[in-house]
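Structure first, then comments.
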Amino acid sequence: MSRHQTSWQQLQADLADTGYVASDDLAMALFLAVTLGKPLLLEGPAGVGKTQVAKSLSELQSTKLIRLQCYEGLDASHAIYEWNYQRQLLAIRAAAEEQKPSTEIEDHVFSEKFLLQRPLLEAIRQETPAVLLIDEIDRADEEFEAYLLEVLSDFQITIPELGTVPARSRPHVVLTANGARDLSDALRRRCLYSFVDYPDRRTEMAILQARAPELEARLAEQIVGFVQALRKEELEKKPGIAEMLDWAAALGGLGVNDLADDPEQTQATLVCLLKTERDRAAVPKEVQQRLVGRAA
């Protein structure tokens, strides 16, 4: 059932019920974005839970989550709509055999029946407001970012063959960025903003307890302490919250009670945290044992 949050504190508490522990700044930014109908831009390093904000909001609102994953070369046809060319070709051949007028054929093949909705068009055509996640907007080209500004401004899309499609509902828009490139001032002005950083130890403990309540308290403390210390090492890719949770699940599945009990096994499980060969080499067993000592 959809919940209506009357304050940012209530939203923060409701997010916690879904397993997402939000900072005061993030909870306030999300509350204002929903209340004011403004897009919310979330920046921060990879793996800190930016995407999960949209997923949790969708769960709270009991509404559809529509995701647009951005990448270099993304264009309007993949983000907004395109025509089903294969079906159009078949329809044209069938109509030609029946000797239908060309104008009738054109009206038929450029109708809703042959339209493929992509995320942006799908989002504005929902009867109830969806959550539109525009993930990693900084990976898309500046040209696409400029086009996106128009969509976010008017929440309507023009399809030359069909005309202007107005929004049936205004989606809750969450954009994420990892710092791959600088975003335009125009996009930033359009959005509310929050920077999502790696959590402090207390917050990360709350996240782990919410997601893995079955873990023994001592092991949970060790896991969070180890990951917090590991992020201070010189790594190419620092482990995020998702990696921390994966590691906790792996340790729990192996029946580990204490990180110091079996250094060899603990070292082997670091595949959950370290995702490049260089980072694996940067954390040999002696470094791992030093970090375990700090985590205790």
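The values are calculated or read from the model by the stated rules, or taken from the named source; none is laboratory data. In this text, all values refer to a predicted model and were calculated from it rather than measured experimentally. So basically every Cβ, Gly included, is an ideal-geometry build from the backbone, and we count neighbours across all protein chains shown.
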Handout entry: region 53-71 - residue that is in contact (Cβ under 8 Å) with a residue 60 or more places away in the chain and crowded, with 21+ Cβ neighbours inside 10 Å and, of those, nearest to ARG139 (Cα to Cα)
Key = CYS70
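From LEU175, LEU219, LEU149, LEU183, which residue is of a type outside the set (S, T, N, Q) and crowded, with 20+ Cβ neighbours inside 10 Å? Spell out how you get there, then give the answer.
Working: LEU219 fails: crowded, with 20+ Cβ neighbours inside 10 Å; LEU149 fails: crowded, with 20+ Cβ neighbours inside 10 Å; LEU183 fails: crowded, with 20+ Cβ neighbours inside 10 Å.
Result: LEU175 is the single residue among LEU175, LEU219, LEU149, LEU183 that is of a type outside the set (S, T, N, Q) and crowded, with 20+ Cβ neighbours inside 10 Å.
Residues are listed down the side, and each one gets a yes or a no for (1) free of Cβ contacts under 8 Å to residues at least 60 places away in the same chain; (2) over 26 Å from ALA177 (Cβ atoms); (3) assigned to a helix (DSSP H, G or I):
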| residue | (1), (2), (3) |
| --- | --- |
| SER194 | no, no, no |
| THR203 | no, no, yes |
| GLU214 | yes, yes, no |
| GLN222 | no, yes, yes |
| VAL271 | yes, yes, yes |
| GLN288 | yes, yes, yes |
| GLY293 | yes, yes, yes |
Exercise for the section: Assess whether LYS100 counts as being within 30 Å of GLY179 (Cβ to Cβ) and of a type in the set (D, E, K, R). Expected result: no
Problem - Test result for ASP185, of a type in the set (Asp, Glu), out of contact with any helix residue (DSSP H, G or I) (no Cβ under 9 Å at 6 or more places or on another chain), within 30 Å of PHE144 (Cα to Cα) and in contact (Cβ under 8 Å) with a residue 60 or more places away in the chain - result: no
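Suppose the filter is surrounded by 19 or more Cβ atoms within 10 Å (Cβ to Cβ), within 20 Å of ALA220 (Cβ to Cβ) and not aromatic (Phe, Trp, Tyr); does ALA248 pass it?
Against the criterion (surrounded by 19 or more Cβ atoms within 10 Å (Cβ to Cβ), within 20 Å of ALA220 (Cβ to Cβ) and not aromatic (Phe, Trp, Tyr)), ALA248 qualifies.
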Exercise for the section: Kindly check whether there is at least one residue in region 255-269 that is within 24 Å of GLN52 (Cα to Cα) and surrounded by 20 or more Cβ atoms within 10 Å (Cβ to Cβ). Expected result: no
Handout entry: Restricting region 17-47 to residues that are β-branched (Val, Ile, Thr) and in contact with a helix residue (DSSP H, G or I) (Cβ under 6 Å, 6 or more places away or on another chain), the residue that is nearest to ILE124 (Cα to Cα)
Key = THR18
Completion exercise
The residue that is farthest from TYR147 (Cα to Cα), considering only those in region 111-134 that are of a type in the set (Val, Ile, Thr) and buried (at least 21 other Cβ atoms within 10 Å of the Cβ), is VAL131
Handout entry: Condition broken by ASP246, with the remaining ones in (1) under 15 Å from GLU204 (Cα atoms); (2) charged (D, E, K, R); (3) assigned to a loop (DSSP other than H, G, I, E, B) satisfied
Key = (3)
Exercise for the section: Output the number of the condition that ARG231 fails; it satisfies all remaining conditions of (1) at pLDDT 95 or above; (2) crowded, with 17+ Cβ neighbours inside 10 Å. Expected result: (2)
Fill in the blank from the handout: By residue number, the members of region 20-45 that are surrounded by fewer than 16 Cβ atoms within 10 Å (Cβ to Cβ) and either assigned to a loop (DSSP other than H, G, I, E, B) or in contact with a Ser or Thr (Cβ under 7 Å, 6 or more places away or on another chain) (or both) are ASP25, GLY37
Handout entry: In region 124-181, the residues that are of a type in the set (Lys, Arg) and not in a helix (DSSP H, G or I)
Key = ARG125, ARG168, ARG170, ARG181
